[in-house]
1. Where Lys and Arg each count +1 and Asp and Glu each count -1, what net charge lies around PRO105 among other residues with Cβ under 10 Å from its Cβ?
2. If I model a spin label at LEU35 and ASP51 as a point 7 Å from the Cα along the Cα→Cβ vector, what separation in nanometres do I get?
3. Expressed in nm to one decimal, what extension gain is obtained for the pair ASN10 and ILE234 from 0.36 nm per residue of sequence separation less their Cα-Cα distance?
4. Which pairs in the list LYS44/LYS207; LYS20/LYS207; LYS28/LYS135; LYS135/LYS173; LYS33/LYS207 are over 26 Å apart, alpha-carbon to alpha-carbon?
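Nothing in this text is a laboratory measurement; each read-out follows from the coordinates by a stated rule. Given the structure is predicted, the values throughout are model-derived calculations rather than measurements. Here Cβ is always computed from backbone atoms with ideal geometry, including for glycine, and neighbour counts include all displayed protein chains.
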Amino acid sequence: MSFGHQSLLNPEEEQELKAKIADYWMLKGRDGKPLMTGIQIAQKLRFGETDGPYPFLDPEYIYFFREKFDLPVRREYRGYPHRYKNKQEEPIDLTEQIRRIDGLPDFGFHAKRRRSFNILDFWTGLRAMEIIMLKMGDITVDGDRIVINAFRLKKNRKLPREAKIYPLELRTKWPFVECLVDWFERFPSPEEHPFEMNRWTAWNYVKQLWPEGYPHMYRFNRITALCDDPRFSITEIRAWTGLHIVTINNYISKSGRYATQAADKMSDNINEELTKKPRI
């Protein structure tokens, strides 16, 4: 199964949509505050409605287009209240993740989607919205490999869209990755979203597996695991995560990776000094 990556809209449709969004985006009340939220604008433009002009666009895509069309940020991002109140600092044990996945029901559409979302997020560390935005045209199953061309959010807004797409590869021999193959086969069209849901559903999916967890926990876990392991170069970590090298260095500096390497080298140095023949 292999699909090529396809654009959401052609250039003419994008220009038309840009004008429509910009009109609503700049509307303000007497108090100077925006009259409509991004989701309200998406609803006004009938994103996701089967009989509307954009049936294939989820409402959350409004924020992707805001960035692509270089529309101004209207307020400082505040995130969700208490988003990471009990932030996961310790890496997730693979055995425990397998045990919890095994305990999930695997009967029915929503149960399989929840199971597949947790599997994909655990192995890739993608943001929840990066998974939700995936289309089957972004995914290729080739033998024992799954290649995912994931659009990375929060990249420099001036970069072209193609520069924000970083490929990931999974192996079907990894635990539960075969389940992903089965899930993706349900969606034969390259325009279909295998995880067509909102971010709150993604949050609930992870909460049902890890009551103390949240989707970004998987991302933190995956990046930390890569940065802790000296077998992965910074170039390899950057290719997997799509993060800026400064951010990667920040992760590595907080891990025990360099401290352990420094201690190992110091041990080697001490042993060399102690085994030197005494000078006469």
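1. Around PRO105, the charge tally is +2.
2. The modelled label-to-label distance comes out at 2.6 nm.
3. Numbers: separation 224, 0.36 × 224 = 80.64 nm, distance 3.61 nm.
Answer, rounded to one decimal: 77.0 nm.
4. LYS44/LYS207; LYS20/LYS207; LYS28/LYS135; LYS33/LYS207
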